[in-house]
1. Ranked highest first by average number of other Cβ atoms within 10 Å, how do 44-52, 66-74, 25-33 line up?
2. Over the Cα atoms, compute the radius of gyration (one decimal) and Dmax (the largest Cα-Cα distance, rounded to a whole number) for the chain, in Å.
3. Take every Cα pair under 8 Å in the chain that's 6+ residues apart, average their separations, divide by the length, and report that relative contact order as a whole percent.
């Protein structure tokens with residue numbers, strides 16, 4: 001299992017603090033959106049040759065961790 005903390009950074013000086021893949025300006029959001037549009041991992045790696053399999057997995061891991069920590073509170077009607 002890939003530890004997303006090793007691959008994802010948040011720095012206010014890079015993309016206004018959006019989570020990015022370490023050493024790049026590629027946002028986690030961008031990689032997730034490519035996958036959502038139907039891109040395969042091999043297409044992403046071919047178009048962004050500096051990326052690795054583990055970095056793509058780290059983006060998914062980060063998204064899962066953030067969504068897993070999200071809390072939803074019902075509002076009384």
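1. Numbers: 44-52: 13.7, 66-74: 6.4, 25-33: 17.1.
Output ranking for 44-52, 66-74, 25-33: 25-33, 44-52, 66-74.
2. Spelled out, the Cα radius of gyration and Dmax of the chain are 14.1, 51 Å.
3. Contact order relative to length: 33 percent.
Where a number appears in this text, it was derived from the coordinates with a stated rule and is not lab data. Just so you know, these numbers come straight off a predicted model, no measurement behind them. Using ideal geometry, Cβ is built from the backbone for each residue, glycine included, and neighbour counts are taken over all protein chains shown.
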